[in-house]
Structure formats: C-alpha cells, structure tokens
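Have a look at the structure below, then the notes.
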Amino acid sequence: MPLGPWKKKNKSTKEHLVDNEEVSGGHTGAGSLGKSAVNGAGLPPPPASLRPKLVFHTQLAHGSPTGRIEGFSNVKELYAKIAGAFNISSPEILFCTLNTHKIDMEKLLGGQIGLEDFIFAHIKGLKKEVEVYKSEDALGLTITDNGAGYAFIKRIKDGSVADKVKVICVGDHIECINGKNIVGTRHYEVARMLKDLPRDKSFTLKLVEPMKAFEMFEPRSKGAKPASDNKIGTGRGTLRLRSKGPATVEDEPTEFEEKAVKKVDDLLESYMGIRDTELAATMVEVGRDKKNPDEFAMALDETLGDFAFPDEFVFDVWGAIGDARDGRL
C-alpha cells in the first residue's frame, strides 16, 4: 500500500497545499541546503568547541566596510554574527547573497557556503503597501524564505497577475496579507495563503524591499531561472549549516547532487509554488540509499515531519533522485 503509513492524519491544513502550478493564486543559498523545513524545532546550538573555526568576509549589500565573522552553525546564528559585525539588529536582515551585492535569486545563501565565498547581507529598506486584484487563479509568484522567519518573492512569472503590479518586485519580503502579519510563517504556508485568496476580489500586501544603494537601482527583475550549471559556492569545499547538530565542512557537491537538487527544487516549485534548495538537498540526502518509494516516504516523514506531500510529488522526487544517480538527468 504505497505511501499510506507515511501520510500525516492530523495535519489537514497542510495536506492540500499544492496544485500542479506555481503559487497559483497563491519557500535558504547559492541555495538553502539542509533542513529548512524544521528550522524552528532543532537542538540547542552546539558548544563553540564543536563549531568549525572558519572566518568569512561580509558586507552589507547596499554598501559598508568589510566585516569578518566566524563561529556559527545555522542561518539564525549567521545573521546574528553579521548583525554584530555591523551594529544592527538581526531582524533587519532579509536575506544574504554569495559573491554579489545584487538581488540575485540564484546566489541566495542558505545552508551551504563555499569556503572562499563572500557574504552580502541585504537589509530592510522601503516599506510599501499594494492592492492587488486577483483576476486569475494563479498570481504568478514563487515564494522562498530566509530560514529565519521571512518569506520573500523569488520569482515573478511573465504576464502574470503579479507581473502587472509593477510595485511588486523580486526580493520583496511579504510582511502582511490582508492586514495579517505573517512574519515567522514558513514559505509553503505563505504560498497556500496566497493561493487560497478568492478569485475576482482584491487583497492587500504589505511588502518590505531590500535596501539599495543608488547605483543598484535598475529595471525591475523577474528573477533568474535556475541554471543547470550553477554551482554552490566557489571554494574548494563548503560549510554545511544544519538545523540540528553542528555545522560541517564538506566537499563541493558532486555532479549527481547538483543535478538531483536542481530537479527536486524544480518539482517543489511545480507542486508547491516554492523554491528551497535547502529542502531539496535534504530530500536528495534522505533518498540517496533508499530502495523504493515507500521507504523513501517513511524516511521523509522522520526527517521532515512538518511537511505533508502528495503521493505524486514523492514518486516524482524519488524518480528524479534515481535518474540523477543513474546519470539520466
């Protein structure tokens, strides 16, 4: 009986999150690798003696002196270190990019950092409120999050409802939907909330855009599409940030891992309207040695208990991991 024992019965609010489309009217660097889905639960931070003694260089994306940070094991600790280096508060940081100060959605930082990567922190800038008329089922937004409670816009589909509202931009943090503050809400829940908004009615969004230096102002970006050759990190190894347990230094992702993570991330967008390479990498790691879809589904449940995926998605992910492992991707 495929996948039956795996599905959660007491999480009905999450069992119907997706249709086969982007945020259809309706989440961490380069991608968020690790376990974004369980970021809120996790074990206490490991003692300093267990943390890798690695030093990274960082700047505020809109312009600042260069700071040095070390001794962090997860995204929240990283933000705290950056905040301390520049005498700002951690909640001011929306997200970070690697090796570019631009709002480049293909360079987002999350759970893996190349040992030679330079970290740019994008902090809160202009606040704005916009009214949107939902003329179609699909808004055309893809949502992700920063691993520390902020959901933001990763992609805007050409010609979509959101694309026609020019004040909505890639990189904008979604702070409120119809007056309801959603800070701390995971990206997949934000996607569901947007999808569930009624058609042919208006709704309001409160957004916070990243602060920009004068020279950074440029035409509105719709977000780059994932590139198959986009590698995670530029160094010879990466620091893997984990929600549970200490950070670890690992080799750069193998060709199998890169192909599998990209395919699973594409499936997340197709089924759930989110992009989350941290979650995708965790699923690839879980499925690497599983012998069948049922075993894979059970392992996903143990690892990502906060999620409830449809059977079709689990089968497709299982197939994608197998294709990557066998060189068919």
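The values are calculated or read from the model by the stated rules, or taken from the named source; none is laboratory data. Keep in mind that what you see is a predicted model, and the values were worked out from it rather than measured. When we count neighbours, we look across all protein chains shown, and the Cβ atoms used for this are built from the backbone with ideal geometry, even at glycine. Note: accessible area is taken over every heavy atom of the protein model, side chains too, but ligands, DNA and RNA are not part of it. Shrake-Rupley method; radii C 1.70, N 1.55, O 1.52, S 1.80 Å.
Applying the set (1) open to solvent by less than 10 Å² (accessible area, probe 1.4 Å); (2) in contact with a strand residue (DSSP E or B) (Cβ under 7 Å, 6 or more places away or on another chain); (3) at pLDDT 90 or above; (4) not basic (Lys, Arg) to residue 120 leaves exactly one unmet item: (1). Taking the criterion of being of a type in the set (A, V, I, L, M), in a loop (DSSP other than H, G, I, E, B) and more than 16 Å from the chain's Cα centre (by Cα), the residues of segment 167-181 that qualify are 167, 168.
What is the one condition in (1) of a type outside the set (Phe, Trp, Tyr); (2) open to solvent by 40 Å² or more (accessible area, probe 1.4 Å); (3) within 21 Å of residue 270 (Cα to Cα) that residue 151 does not satisfy? Among (1) of a type outside the set (Phe, Trp, Tyr); (2) open to solvent by 40 Å² or more (accessible area, probe 1.4 Å); (3) within 21 Å of residue 270 (Cα to Cα), the lone unmet condition for residue 151 is (2). When restricted to residues that are at pLDDT 85 or above and open to solvent by 10 Å² or more (accessible area, probe 1.4 Å), segment 263-284 contains 3. Number of residues in segment 65-96 that are part of a strand (DSSP E or B) and β-branched (Val, Ile, Thr) equals 2. Restricting 323, 294, 289, 316 to those that are closer than 20 Å to residue 262 by Cα, open to solvent by 10 Å² or more (accessible area, probe 1.4 Å) and modelled with pLDDT of 85 or more reduces the list to 316.
Could you tell me whether segment 233-256 includes any residue that is open to solvent by 40 Å² or more (accessible area, probe 1.4 Å), at pLDDT 75 or above and under 21 Å from residue 96 (Cα atoms)? No: segment 233-256 contains no residue that is open to solvent by 40 Å² or more (accessible area, probe 1.4 Å), at pLDDT 75 or above and under 21 Å from residue 96 (Cα atoms). Give the residue that is farthest from residue 91 (Cα to Cα), with candidates limited to residues of segment 154-166 that are open to solvent by 20 Å² or more (accessible area, probe 1.4 Å) and in a loop (DSSP other than H, G, I, E, B). Among them, the one singled out is 159.
Within segment 97-136, the set of residues being out of contact with any Asp or Glu (no Cβ under 6 Å at 6 or more places or on another chain), assigned to a strand (DSSP E or B) and either more than 22 Å from residue 163 (Cα to Cα) or small (Gly, Ala, Ser) (or both) comprises 112, 113, 114, 118, 119, 120, 121, 122. In this structure, residue 293 does not satisfy being over 17 Å from the mean Cα position of the chain (by Cα), within 21 Å of residue 186 (Cβ to Cβ) and not small (Gly, Ala, Ser). Pairs meeting the criteria (first residue in segment 111-126 and closer than 18 Å to residue 74 by Cα, second residue among the acidic types (Asp, Glu) and at pLDDT below 85, beta carbons under 6 Å, at least 6 apart or on different chains) are 111/278. Considering each residue of segment 64-87 in turn, at least one proves to be farther than 30 Å from residue 135 by Cα, among the polar types (S, T, N, Q), modelled with pLDDT of 95 or more and surrounded by fewer than 18 Cβ atoms within 10 Å (Cβ to Cβ).
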